Amino acid sequence: MDIKNNIQKLQTELESKGCILVAVSKTHPPELILEAYTSGHKVFGENKVQELVSKYEALPKDIEWHLIGHLQRNKVKYIAPFVTLIHAIDSVKLLEEVNKQGAKINRVIHCLLQVHIAQEETKFGFDPAEVLKIIRTGGIGSMPYVKIKGLMAMATLTDKTDIIASEFKSVQELITTLRKEKLPTNVEMKELSIGMSSDYKIALDYGSTMVRVGTAIFGERKYD
Ligand SMILES: *Cc1c(COP(=O)(O)O)cnc(C)c1O
């Protein structure tokens, strides 16, 4: 894979749409991340806490690390000191734990709420109605060490682009609704993290501000 070239091509495609690239480096060794880094890319996503921490320790400190995968409450403490953005907040209890760990180290931690839009039942996340309820009445305003930057979602894994499009449309409608509301001071609905290698082009049509792309940059993963 020509990592540098893949990133540059993606950047050009995303830039005109005001969308940023999170290069998903999970399962790939630090050397490959360094290859992307030395070509100028600084934003990487990992889906496992342990792997994220060990790569953070091994690699340059100006990398912005995003945790894109499911997060267990007992692991928040390991990433709280350095994580740039947690994409997959899927419960209020998890948010409370992030707030608690942020308070301990006096650091405001940026998060996205994960919205369940896919047909598959296994996918994590809040239903759209729950997101509205949590933001309107969930007490986020009294969690000063979290800042909600927006929403994240994953579409169904399918070749049917109409299904993917309708799922992305539903989360775009949700964020559009929220953007019109008076939000708690630590909630801003700027970011919409949708789109992976197979569906980022569709996501761009539905207001993505952040795509999480792995395979299209680094090639196929050997394990997941
Ligand atoms: C692995 C992963 C991605 C990237 O997937 P690709 O198909 O390799 O682009 C995006 N988002 C999440 C949450 C992931 O776990």
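The values are calculated or read from the model by the stated rules, or taken from the named source; none is laboratory data. None of these values were measured; they are calculated from a predicted model. So basically every Cβ, Gly included, is an ideal-geometry build from the backbone, and we count neighbours across all protein chains shown. With ligands, DNA and RNA removed, areas are computed over all heavy atoms of the protein, side chains included. Shrake-Rupley method; radii C 1.70, N 1.55, O 1.52, S 1.80 Å.
Summary of computed values
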quantity	calculated
Rounded to the nearest 20 debye, dipole of region 173-221 from Cβ charges on Lys, Arg, Asp, Glu	120 debye
Relative contact order (%) - criterion: Cα under 8 Å, at least six apart; region: region 1-144	15 percent
Sites matching GluC sites (Glu not before Pro) across region 101-143 that sit in DSSP coil, with at most 14 neighbouring C-beta atoms within 10 Å	Glu120, Glu121
Non-local Lys pairs in region 7-50, i.e. 8 or more apart or on different chains, that have alpha carbons under 18 Å apart	4
Difference of contour (0.36 nm per residue) and Cα-Cα distance, His70 to Lys182	37.4 nm
Lysine pairs meeting the criterion (Cα under 28 Å, 8 or more apart or interchain), as found in region 175-224	5
Dipole in debye (nearest 20) - the chain, about Cα centre, beta carbon charges: Lys, Arg +1; Asp, Glu -1	800 debye
Residue-normalised accessible area of the chain, expressed per residue, 1.4 Å probe, Å²	48 Å²
Calculated SAXS-style log₁₀ I(q)/I(0) at q = 0.11, 0.16 Å⁻¹ - region 1-95, Debye, Cα scatterers	-0.33, -0.68
Label-to-label distance, nm, for residues given as Val92 and Glu120 (7 Å Cα→Cβ offset)	2.9 nm
Most fluctuating residue given options Lys133, Lys169, Lys190, as computed from a GNM of the chain linking Cα atoms under 10 Å	Lys133
Candidates Gly45, Gly102, Gly18, ranked by Gaussian network fluctuation over the chain, Cα under 10 Å, top entry	Gly18
Calculated FRET efficiency for the pair Glu13/Leu34, C-beta based, R₀ 25 Å, to 0.05	0.60
Cα-based Rg of the chain normalised by 2.2 N^0.38 Å, two decimals	0.97
